[in-house]
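Below: the structure, in structure tokens.
Coordinate-derived values only; no laboratory data. These numbers come from a predicted model, not from an experiment. Neighbour counts run over all protein chains shown; Cβ positions are idealised from the backbone, glycine included.
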Amino acid sequence: MQTAYYLVLVPMVYAAFAVFVLGTVWRLVQTARRPAHPTTLQIFPKKEPAWLYAVGDTFLMPSIFRHSPVLWFFLAVFHVAVLLLIIGHLELFGDWPIFQLVPHEVFLGRGFVGLVAAVSVLYLFFRRFHAPVRDLSVPEDYYLLILLFLTIIFGSQMDWARRWYDYDVMGVSAYRAYLWSLVMLKPFVPDEILYSGHAFMLVLHVFFANLFLMVFPFTKMMHTFLALPMNLLRRG
Amino acid sequence: MDQQMREDLLKLFQTKLNRAMVYYLETCTRCGVCTTACHVYQSMPQARYIAAYRAEIVRRIYKKHFKGQGKLWPSYGEAKELTEAALQELYDAAYSCTGCRRCMVYCPFGIDTQMLMSIAKLLLVGAHAEPEILTLLADTSIEKGRSLEFFKEGFLQGVKNLEQKVVEKWKLEAEGKTVIPVDVEGAELLYVALAGAHSIIPAAAVFNAAGENWTLSFFEAVNFGAFVGDPTRTKLILDRIVNEALRLKVKEVCICECGTAYRVMKQLSGTQPFKVSSVTEVHARYLREGRIRVSKKAFEGQVVTYHDPCQIARNGGVLEEPRFILQHLTDDFREMAPDPRYNYCCGGGGGLVALGEDTLDFRMKSAKVKAEQVQKTGATVLATACENCHTQLSDLNRHYGLGLNVQFLTSMVADALVVS
């Protein structure tokens, strides 16, 4: 069993990051090298500065707010939660004074960030069971949400165990040791991770996250990087 | 469909894959925000009329033939092989879309459905499955550019007949002046009209009243190549006018009330020594500069509303000028939509009006929401600045018994001219 854990926690993590980084860069470069569209694609009236409006369109999603406020709410909650979770993971590598402007114990939000992320993913998932979104959805849309949900729920579970149920075998110091060993290319999984009763939770979290990273460059997840250039086209 | 045909069509597909197109093909998250954007869906709520659904019909073929995903795991994104059945789906998607780009305003990423439909239209042209009449009309236009001498005499005679009407109606002085000048080298402005007196007579009256040094193009503005989605034909039709403008050394090319012609000329003609304007912009300029005067008497007691032609307004940027003109024509102007980006398409764009009776039933049903939008304004006069829109709105007027007076903005300006 420990061998399987090790495979997920070490070689698969390296593979996932390689696929994610190289795949994303390759796809973005490949797309950027294509010829530009010969004409403007903007919608009028033009507002200046166009780039600022494009940034606003990308990060505030005003058109969704206007036409589908409930969806906007859950999307906003979801994306902000994911951002906070990413910050939380960065803090697993070390102390970042900038993130500690709001003093907190890693992760931010006392476990509730993961909870609202999971709930909003469920909303995004179940809304696809209703027309008209049902008619638009393809399996990809469900697969990615399921993958995200599994990643979030197993990841958050570890936070919840520590925060809400006083579980203290696996803690931030163990994660730091593990993650830094990966960064330094001297992979090592501390015993409290490999042999803890909750280890399978971590392993499942990492496993689903690995899968997610590996499909990322080849799916609609690329909207993460393409949303801004597309909005720039529309704003002119 | 045999293998060779499929390969040829996929080569055509490949030519469309520029950076923007790949963005549009890769990014849709199928969030469904565009659902209510389309006037067709609003009038007939069926999933196939949702912008994202139309786009997905093209996208499925892209996934199958241009992405590893579609080869390794086709069911993941419902990738679909290009077949005869797929062509039929492409036809239904592309020719129920008017290319108005209202959905682009809704989409959080700004996906351009008209661009995605241009892939469908090009594949249909490649498979000889497009509406033939559009290709025929495009070829006629191209032929006219090639053998102008053959058409010239008839055209000049036709113009002579129109001149008399301009003089009669507007009592413009005609002594020693040509009322409708043609082929004038060194003219300031080349006016590109449509084949039809209604597109030439009022415009001529206004140009002459403004003392413009203008000349009428031999060619009609409309670009059937753009309707049928054939880039080669679009370019050939456009080039006739560009070459004429260069030959006559004009400083400005003024496109008549035709949305497609205006957008193609404005955005596709590249950097040229002349500027491109719509006749609406030119008329607004004349009013602003005091070169023409109009009176509000012609439309006294009328309630006027204005339909923004999609290719001129949302997609072309001519928004203020028609409103400025209408301020001079009426005291009772009412907007259709609080934000002109949200104005509904008339339902006749993308070649649907050019297909005439064949699409009439669909056009009437799919534009129900437009008829309602017009009706809500309480207007008695419905002005617009596009031939297609005018035809479609007149059809809607009849079909839904709206009792409106559908007018071209140029005609309204001409009718209200104060000739001193």
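Points worth noting:
- From the C-alpha gyration tensor of the range B:104-171, square roots of 5λ in Å: 39, 22, 9
- Cα shape, the range B:255-302, gyration tensor, a/c 1.5 rule: oblate
- Inter-chain neighbour count for B:32-44: the average number of beta-carbon atoms from partner chains within 10 Å of each residue's beta-carbon is 3.
- The mean number of partner chain beta-carbon atoms within 10 angstrom of a residue's beta-carbon across peptide A:24-32 is 1.
- Modelled this way, with points 7 Å down the Cα-to-C-beta line, the labels at A:V102 and A:E48 are 3.7 nm from one another.
- Sorting B:224-233, A:77-86 by average packing, meaning the other beta carbons within 10 Å per residue, from highest down gives B:224-233, A:77-86.
- Over the range B:3-130, relative contact order from alpha-carbon pairs under 8 Å, at least 6 apart, %: 30 percent
- In this structure, B:V419 and B:E289 have a Cβ-Cβ separation that, at R0 = 22 Å, corresponds to a calculated FRET efficiency of about 0.85.
- Across every direction, the projection of the convex hull enclosing the Cα atoms of the range B:3-130 has a mean area of 7.3 nm².
- Shape box of the range A:51-188 [Cα atoms, principal axes, largest first, Å]: 48, 35, 32
- Cα-based Rg / Dmax (Å) for chain A: 20.1, 62
- Among A:185-192, A:3-10, A:197-204, sorting by the average number of other beta carbon atoms lying within 10 angstrom of each residue, highest first, gives A:197-204, A:3-10, A:185-192.
- Taken over the C-alpha atoms, the range B:71-188 has Rg and Dmax values of 23.9, 77 angstrom.
- Residue ranges B:151-160, B:29-38, B:295-304 sort as B:29-38, B:295-304, B:151-160 when ordered by packing (mean number of other C-beta atoms within 10 Å per residue, highest first).
- Dipole size of the protein assembly as shown about its Cα centre, with +1 on Lys/Arg Cβ and -1 on Asp/Glu Cβ: approximately 520 debye, rounded to the nearest 20.
- Value in Å of the Kirkwood radius, where the range A:163-236 supplies the Cα pairs that are averaged: 15.3 Å
- Separation of the B:R334 and B:K177 label points, Cα + 7 Å toward Cβ, nm: 3.9 nm
- Paramagnetic reach from B:R398 (point 7 Å along Cα→Cβ, amide N under 18 Å) across the range B:130-144: none
- The protein assembly as shown - Cys residues lacking any other Cys C-beta under 4.7 Å: B:C28, B:C31, B:C38, B:C97, B:C107, B:C254, B:C256, B:C258
- When the alpha-carbon atoms of the range A:79-144 are used, the pair Rg, Dmax equals 16.0, 47 angstrom.
- Dimensions (Å) - the range B:15-60, Cα atoms, principal axes, largest first: 34, 20, 16
- For B:N405, distant residues with modelled amide H under 5 Å away: B:V381, B:L382
- Ranking A:L115, B:L190, B:V250 by Cα position along the charge dipole of the protein assembly as shown, where only Lys, Arg, Asp and Glu carry charges on their C-beta atoms, puts A:L115 farthest toward the positive end.
- Proportion of all alpha-carbon pairs of chain B beyond 34 Å (%): 33 percent
- Stokes-Einstein D in µm²/s, Kirkwood radius over Cα pairs - the range B:316-420 at 25 °C with 0.890 mPa s viscosity: 169 µm²/s
- Inter-label distance, nm, simple model (7 Å from Cα along the C-beta direction), A:L92/A:L185: 2.3 nm
- With the Kirkwood sum run over all distinct C-alpha pairs, the range B:132-252 has a hydrodynamic radius of 15.1 Å.
- Counting only other chain Cβ atoms within 10 Å of each residue's Cβ, the peptide B:103-116 averages 6.
- Plainly put, the protein assembly as shown has a radius of gyration that is 1.07 times its Kirkwood radius, both from alpha-carbon atoms, as the Rg/Rh ratio.
- Considering all different alpha carbon pairs of the range B:134-176, the Kirkwood hydrodynamic radius works out to 12.5 Å.
- Note on the range A:113-190: Kirkwood radius taken over Cα pairs, Stokes-Einstein applied at 25 °C and 0.890 mPa s, translational D equal to 164 µm² s⁻¹.
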